[in-house]
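Remarks on the structure that follows.
The values are calculated or read from the model by the stated rules, or taken from the named source; none is laboratory data. Worth saying up front: this structure is predicted, and the values here are computed from it rather than measured. When we count neighbours, we look across all protein chains shown, and the Cβ atoms used for this are built from the backbone with ideal geometry, even at glycine.
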């Protein structure tokens, strides 16, 4: 009888290898002057770009990595010194500062953009893309994804409305294909697109399986600490065999953690994060909850910034371009918009399915898109569903907006209130 060898440590080792490899590819593209596409995490079209062998740079990821490396402030100040307002998106300012500093990142040098793809899923994307257009004269392709029809989540996700919207998006995709052909001098190969889409199907299935495993008690991974890794790999390696293998490996390791009874810590409280974390103080943010036995089992950011893998995500490989257009629409309605703009229903459902004790609503001072309405959602869930919530504020990447003592006081009080609820309930 053979005993299965545990895969513990595989996620850490493989994610480090893949991220280092991606940075080497960025440096090599820069050195060789190889055309590189700049894309965003919502609607990256990485599977389409792989059909043209275009390297992909995700500026949101490079910006947050400046904060994780403790270097974001120098880039933010460089952007502000050049005239950018202190209250605009921290991601944008960190990226602008990076380009003003000759694209020298703490992890390596990023290449110039030869093509920018933006969607209308974030109101900042188009203006951000215009900055690179002004700096480098590169073409900017804006993919317009129609919003929901009707008054309820997902209304119009079938029938004539979907068919009309799909044709509209499909026409845009064919324009983008022609643009990529002109840029690369490579003829479009629909079979290569099918191959990349098949990889995305497998990645999405494993990504959903990984998230669902955190319904287990104790939670086998932290949606903050390891969640950032999962988001990065899902975007940078979208449509690649390596990205698919990573999430299959992650699924195996997390299943092994459960089998061995391993949790992220001595779990006392299961938490849900609405919004993003503060990457400028990522470790400290997690520690403030973990010292009380609080573990984040899920987050809205792992949904809307994790590849747009809506429930039931799957490409129809028999009609790749039509299916790509259709799935982009469904991802926009269900995978990106719902947890970001219509969060209350998604949060209430996740609280039930993941056995969550309380929600942390983290308002980002430089991002109105993800932060507007969070206090209202918190109050709605408290009064309608009796779900306790904490509202705090800092920023994505700006360490100047992090107040350790103030946040600690609020977090401590919140956890103590959860303890009081538990005592009253006799649990």
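For region 39-88, a tally of residues being closer than 29 Å to residue 325 by Cα, in contact (Cβ under 8 Å) with a residue 60 or more places away in the chain and part of a loop (DSSP other than H, G, I, E, B) returns 12. Contact annotation: residue pairs with Cβ atoms under 9 Å, 6 or more positions apart or on different chains, pairing a residue in region 359-371 that is without any contact (Cβ under 8 Å) to a residue 12 or more places away in the chain with a partner that is assigned to a loop (DSSP other than H, G, I, E, B) and surrounded by fewer than 24 Cβ atoms within 10 Å (Cβ to Cβ), are 368/123.
Evaluation of residue 187 against the conditions (1) outside any helix (DSSP H, G or I); (2) within 28 Å of residue 297 (Cβ to Cβ) shows that the sole unmet condition is (2). Kindly indicate whether any position in region 197-215 is surrounded by fewer than 18 Cβ atoms within 10 Å (Cβ to Cβ), more than 23 Å from residue 309 (Cβ to Cβ) and at pLDDT 95 or above. No, region 197-215 contains no residue that is surrounded by fewer than 18 Cβ atoms within 10 Å (Cβ to Cβ), more than 23 Å from residue 309 (Cβ to Cβ) and at pLDDT 95 or above.
Residue 258 satisfies every condition listed in (1) surrounded by 19 or more Cβ atoms within 10 Å (Cβ to Cβ); (2) more than 19 Å from the chain's Cα centre (by Cα); (3) without any contact (Cβ under 8 Å) to a residue 60 or more places away in the chain except (1).
Restricting attention to region 94-112, the residues that are in contact (Cβ under 8 Å) with a residue 40 or more places away in the chain and either assigned to a loop (DSSP other than H, G, I, E, B) or surrounded by 22 or more Cβ atoms within 10 Å (Cβ to Cβ) (or both) total 7.
Residue by residue, here is whether (1) under 22 Å from residue 46 (Cα atoms); (2) exposed (fewer than 15 other Cβ atoms within 10 Å of the Cβ); (3) at pLDDT 90 or above; (4) over 25 Å from the mean Cα position of the chain (by Cα) holds:
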site	(1), (2), (3), (4)
120	yes, no, no, no
140	yes, no, yes, no
150	no, yes, no, yes
154	no, no, no, no
171	yes, yes, yes, yes
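All of (1) at positive phi; (2) under 27 Å from the mean Cα position of the chain (by Cα) hold for residue 392 with one exception: (1). Assess whether residue 175 counts as being within 15 Å of residue 322 (Cα to Cα), at pLDDT below 95 and in a helix (DSSP H, G or I). Taking the combined requirement at face value, the residue does not satisfy it.
Residues in region 73-83 that are more than 23 Å from the chain's Cα centre (by Cα) and surrounded by fewer than 18 Cβ atoms within 10 Å (Cβ to Cβ): 74, 77, 80, 81, 82, 83.
Residues considered: 387, 411, 392. Of these, the only one that is surrounded by 15 or more Cβ atoms within 10 Å (Cβ to Cβ), at pLDDT 95 or above and in a strand (DSSP E or B) is 392.
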